[in-house]
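K.L.:
Encoded as structure tokens, here's the structure I'll be asking about.
The values are calculated or read from the model by the stated rules, or taken from the named source; none is laboratory data. Since the structure is predicted, the reported quantities are computational estimates derived from the model, not experimental observations. Here the Cβ positions follow ideal geometry from the backbone for every residue, glycine too, while neighbour counts run over all protein chains shown.
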Amino acid sequence: MNTKLSWWQIGLASVAISTIGGLIGRKPGKTEAVSYAKYKQAPWAPPPWLFGPAWMANNYFLLTGLQKLVNSDSRNKKTLLYLQIPIWAIFFSFGYVYANKKSPVLAAGWTVADALLAATSFAVALKQDKKLSYYFLPLLSWTSYASTVAVYQAVKNNDPVLHTKAAA
């Protein structure tokens, strides 16, 4: 069965998924932006308002790539589909780890793992289908950049979950 969603249907799905991901694990009345503002930030850290649009774009490209992958005869299809599982698990659990548990160390681990999964997906797709590999580039770019910010936060802030102290 060949399933083809239009760009606007994938766009709506991306907005819905991004919204759900942003709400999961949050305490009522709290936002990730509030948690983000409480941490010592890297000088190159993006403003909090950028996260929503960035994740809608990432999810749009991941969903579009997933649709193309499901409808393909790619030799690497199974591997790429298996890589999607932890990518989405990280996306949906990040708000809980970062905003609810307030763990900059775990958040850094999640972010670095997401970047590694995106890099692996890009490399696997590139071996057989260059066009398909491009759908992993937004996630790879964003999570690679975000990893530097997250690691900075993990080093410069206390972690109440893992009981680590901030570096001086």
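K.L.:
Right, P138: touching a strand residue (DSSP E or B) at 6+ places or on another chain (Cβ under 6 Å), surrounded by 15 or more Cβ atoms within 10 Å (Cβ to Cβ) and either at positive phi or at pLDDT 95 or above (or both) or not? Break it down into steps so the answer makes sense when it comes.
P.N.:
Details: touching a strand residue (DSSP E or B) at 6+ places or on another chain (Cβ under 6 Å): no; surrounded by 15 or more Cβ atoms within 10 Å (Cβ to Cβ): yes; either at positive phi or at pLDDT 95 or above (or both): yes.
So P138 fails the test.
K.L.:
Scan region 85-106 residue by residue and report those that are outside any helix (DSSP H, G or I) and surrounded by fewer than 20 Cβ atoms within 10 Å (Cβ to Cβ). Can you show your working first?
P.N.:
From region 85-106, those outside any helix (DSSP H, G or I) are 101-103; that's our starting set.
Residues satisfying the conditions are K101, K102.
K.L.:
Read through the list (1) assigned to a helix (DSSP H, G or I); (2) surrounded by fewer than 19 Cβ atoms within 10 Å (Cβ to Cβ); (3) of a type outside the set (V, I, T), then give the number of the only condition that S72 fails.
P.N.:
The number of the failed condition is (1).
K.L.:
Is it the case that some residue within region 75-89 is modelled with pLDDT of 95 or more and under 18 Å from Q41 (Cα atoms)?
P.N.:
no
K.L.:
Take the residues in region 142-168 that are surrounded by 15 or more Cβ atoms within 10 Å (Cβ to Cβ) and of a type in the set (G, A, S); name whichever of them is farthest from F122 (Cα to Cα).
P.N.:
Ranking the candidates gives A154 first.
K.L.:
Let me ask something additional. Please verify whether G109 is outside any loop (DSSP other than H, G, I, E, B), among the small types (G, A, S) and either modelled with pLDDT of 90 or more or more than 15 Å from the chain's Cα centre (by Cα) (or both), treating the condition exactly as stated.
P.N.:
On the way: outside any loop (DSSP other than H, G, I, E, B): yes; among the small types (G, A, S): yes; either modelled with pLDDT of 90 or more or more than 15 Å from the chain's Cα centre (by Cα) (or both): yes.
In short, yes.
K.L.:
Moving to a separate point now. If a residue must be modelled with pLDDT under 85 and assigned to a loop (DSSP other than H, G, I, E, B), how many such residues does region 1-59 contain?
P.N.:
14
K.L.:
If a residue has to be under 11 Å from the mean Cα position of the chain (by Cα) and free of Cβ contacts under 8 Å to residues at least 24 places away in the same chain to count, how many in region 52-83 make the cut?
P.N.:
Residues in region 52-83 being under 11 Å from the mean Cα position of the chain (by Cα) and free of Cβ contacts under 8 Å to residues at least 24 places away in the same chain: 0 in total.
K.L.:
Could you please find all residues in region 69-119 being farther than 19 Å from I17 by Cβ, in contact with a Leu (Cβ under 8 Å, 6 or more places away or on another chain) and of a type outside the set (S, T, N, Q)?
P.N.:
K77, V105, L106, A115, A119
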